[in-house]
Amino acid sequence: MKINKRMFLTLALGAVLVGCGGAQQANTNAQTEDTKVLVKTEAATTQTVAQTEVFTANIEPYKKNYITPAVQGVRIDRILVDVGDRVRKGQLLVEMDPTNYNQQKVNLQNAKDTYERTRKVFEVGGVSQQQLDQAHNNLTLQQEVIANLEKNIKLLSPINGVVTARNDEAGNLFSNQPILQVMQINPLKVTVSISEQFYTAVKLGTPVKIGVDIFPGEEFDGKVTLIYPAMDPATRTFTVEVTIPNTNERLRPGMFSRSTFNMGNRESVMISDVAVARQVGTAERYAFVEKDGVAERRVVRLGRQVGNKIEVLDGIEAGEMVIVTGMSKLEQGTPVEVQK
C-alpha cells in the first residue's frame, strides 16, 4: 500500500503530539508530588483539666481596731504600748485624763447617798413614791455616766494582736485621729472579687492556694470563710473572703498575693502547643489538621496550658490529626505528606 507524502507527515505529527502529551502528564504528576509539604502529625487527645482561676489581692489583717475615746478634747494621760508590741484582748493600752471621771465618781456617790436616805424615809412614810423614783433615776443616770467614762478613760484592746500604729503622745489632747491601731495577724485574710460564672463552684470551706512574690514557688493554704450574698451589678462579680492561718507569722498585712481557686475539672481536647500559631496583627489563634492528604486551617479557641499541651475549647475534635511541623509552609488546602 502506497502512503503519500502528505499522509506520512500527518501520522508523524500525531505521534509527536501523543509523545509530548504523555511526557507533559508525567511531568505534571511529578510536580504534584514535589509540591507536597512533608509534615508530622499528632492525634488530638482528651484529658481531665483542672479549672483553676487566679485572683490578685492584698493580704489584710483578720481584724483591725482603732483605739480611740468617744469624746474629743480629753487629754491623753498615758500610752502604755508602742508599735510592734503584742497585746491581749482586754489589756489596758491607754489612760485618758481622769479629772472628769473623778468628779463624776463624786456625783455617783452623792446620788447613792441621796437614794439611800430617800428610801429609808419612804419606808416610814416621809416621802412619796414619786420622790423615791426620782432619786433612783438620778442614781441610774450617774451609774451610766460612770460606765461610759470608764470605757473612755481606760482604753482596752478588743482583740489579741499587734500594735501597728501610734499617732499620739502622752499629754496631747485627743482630736479625731486614732491614738493606736491594733491588728490581728494570725490568721490573715484576702478579699477577692470573682466572676459570677463561678458562683456555684465556690463554697464555704473551698480550699485556696495563696502565693506571694516575697516567697517565690511557695504556697500557703487558705479556705473560703465568707461569701457575700449580693453581686456587684456593674462588674458582675461577687466578693469572697479567704482566711489564711499564719501561725509562724511569715505573711504580713499589705503583701501582694495571688489566690488560686480550683473551680472543678472537665474533659477537654488537648493538642501540642507547638501546633498553634497566631495570625499576625490579630489575637486569632489557628492550627492545621491533616485530612485526606491536605491541610485544613482551623481557627481555635484556647483554654489552659498543661505542660507542653494546650486545651482547645473550640475548633478541633478529639482524634483529629493535628500538624505539628512545617506549618510555616501551609495554607488552606495545601497538599501534605505525613512523615512516618
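The values are calculated or read from the model by the stated rules, or taken from the named source; none is laboratory data. As the structure is a computational prediction, the values presented were derived from the model and not from experiment. Quick reminder, even Gly has a Cβ in these numbers, built from the backbone with ideal geometry, and neighbours come from all protein chains shown.
Hey, can you tell me all the residues within region 276-314 that are surrounded by fewer than 16 Cβ atoms within 10 Å (Cβ to Cβ) and assigned to a loop (DSSP other than H, G, I, E, B)?
Within region 276-314, GLN279, VAL280, GLY281, THR282, ALA283, GLU284, ASP292, GLY293, GLY307, ASN308 meet the criteria.
Considering region 139-179 alone, what residues qualify as being more than 23 Å from GLY84 (Cα to Cα) and outside the structural domain of VAL87 (by TED's automatic domain parsing)?
Correct list: LEU173, SER175.
Looking only at region 124-137, which residues are part of a helix (DSSP H, G or I) and crowded, with 16+ Cβ neighbours inside 10 Å?
LEU132, ALA135
With respect to the numbered conditions (1) without any contact (Cβ under 8 Å) to a residue 12 or more places away in the chain; (2) loosely packed, with under 13 Cβ neighbours inside 10 Å, which one is the sole condition not fulfilled by ASN176?
Condition not satisfied by ASN176: (1).
Among the numbered conditions (1) over 30 Å from VAL87 (Cβ atoms); (2) among the hydrophobic types (A, V, I, L, M, F, W, C); (3) at pLDDT 90 or above, tell me where VAL127 comes up short.
VAL127 satisfies all of (1) over 30 Å from VAL87 (Cβ atoms); (2) among the hydrophobic types (A, V, I, L, M, F, W, C); (3) at pLDDT 90 or above except (3).
Kindly indicate which of THR200, THR239 is farther than 20 Å from TYR66 by Cα, among the hydroxyl-bearing types (Ser, Thr, Tyr) and surrounded by 13 or more Cβ atoms within 10 Å (Cβ to Cβ).
Sole residue among the options that is farther than 20 Å from TYR66 by Cα, among the hydroxyl-bearing types (Ser, Thr, Tyr) and surrounded by 13 or more Cβ atoms within 10 Å (Cβ to Cβ): THR239.
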